[in-house]
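Colleague: Questions regarding the structure given below will be posed in turn.
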Amino acid sequence: MSKISLEMAEIFASQLRSQLRVSNTEPVNVKTVVRMLGILTLYRPLSTSLYGLSMKSADGKWRFMLVNSDSMVGRQNFTIAHELYHLYFDENPQTHFCKAGQLDDAEKSANVFAGAFLMPKLGLIQHIPDKELLSKNITINTILNLEALFGVSHTALLVRLKELKFISDKLYEYYTSLKISVEATRRGFDTTLYHEGNAGLVIGDFGVKARELYEKDIISEGHYWELLNMIGYGCGEGEDCTGC
């Protein structure tokens, strides 16, 4: 499969937004998205070269994501959007590992889709002053506001703006060189996006289903706690879960 075009990425992103009943201008919360789509999502520390992974059952009814909680929150959000492409639009779906430095066509397609899904063109236009948009001279204050609004990393936003030809190559290079967390702090922006986070977070109904199986006597209490331990919500080693 060749890399999808920007136009096709925009179409796919619009289709998924429509399914989620989200307009093509408003930001999306990726945690809400995976919950709405029923994707079991775990945030866990992984190696620095692995951003995350995704897989689904052969019938497509069960989907799973693992996100590296040691990466920046903005990067985590992009990883989730990236994996949505592989789970819903990739012509060759399989267990997928999102690694740093991967540049094959499938990865490029997923990246273009993620940018379009998280940062819709019309949404960006709404929040960029006309003067800046026309001159392609978007200010650092607008850059920071867009990152905070759409929940994306500095790199992801710059790539998207350059892709849409909203900024010049020269301005792209300049903003790439900045220490963005410092710039955000100087201007009173929340810097959560630029730091690690969400370690241990689980999104999904795995625990609910495990409890239902236990209450229906389909699995034993021991098996129930084993299942919860799989997602980090069971008892620790040596602890007695009886009566919890």
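The values are calculated or read from the model by the stated rules, or taken from the named source; none is laboratory data. These figures come from a predicted structure and were not determined experimentally. In case anyone asks, the SASA skips ligands and DNA or RNA and just uses the protein heavy atoms, side chains included. Shrake-Rupley method; radii C 1.70, N 1.55, O 1.52, S 1.80 Å.
Colleague: If you restrict to DSSP beta bridges whose two residues both lie in segment 1-145, what percentage is antiparallel, to the nearest 5?
Modeller: Bridges in segment 1-145 are about 65 percent antiparallel.
Colleague: If you don't mind, there's one more thing I want to ask. Using just the Cα positions, wrap segment 112-152 in a convex hull and report its mean projected area in square nanometres, one decimal place.
Modeller: 2.9
Colleague: Right, another one. Would you mind checking K61/K121; K61/K162; K3/K56 for any pair whose Cα atoms are more than 29 angstrom apart?
Modeller: K61/K121; K61/K162
Colleague: While we're looking at this one, here's another question. Take each uninterrupted DSSP H stretch in the chain, measure its Cα extent along the helix axis, and return the ones at 24 Å or beyond whose mean Kyte-Doolittle hydropathy is at least 1.6.
Modeller: None clear 24 Å together with a mean of 1.6.
Colleague: Something else: How many angstrom lie between the Cα centre of segment 20-51 and the Cα centre of segment 151-177?
Modeller: Spelled out, the Cα-based centre of one part sits 22 Å from the other.
Colleague: Same structure, new question: Report the far tail of the P(r) of segment 142-188, meaning the percent of Cα-Cα pairs longer than 15 Å.
Modeller: Summing the P(r) of segment 142-188 above 15 Å gives 39 percent of all pairs.
Colleague: Residue by residue, what Karplus-based ³J(HN,Hα) values in Hz, rounded to whole numbers, does segment 120-125 have, using 6.51, -1.76 and 1.60 with θ = phi - 60° and x for Gly and Pro?
Modeller: x, 3, 5, x, 4, 4
Colleague: For the chain, calculate the relative contact order in percent as a whole number, restricting contacts to Cα pairs under 8 Å that are 6 or more residues apart.
Modeller: Across the chain, relative contact order equals 24 percent.
Colleague: How large is the accessible surface per residue of the chain, computed with a 1.4 Å probe and reported in Å² as a whole number?
Modeller: Using a 1.4 Å probe on heavy atoms only, each residue of the chain averages 53 Å².
Colleague: Take the Cα atoms of segment 1-109, find their three principal axes, and give me the spread along each one in whole Å, biggest first.
Modeller: 34, 31, 29
Colleague: Oh, and also: Which percent of the accessible heavy-atom area of the chain goes to carbon and sulfur, probe 1.4 angstrom?
Modeller: Summing carbon and sulfur atoms, their accessible area is 52 percent of the total for the chain.
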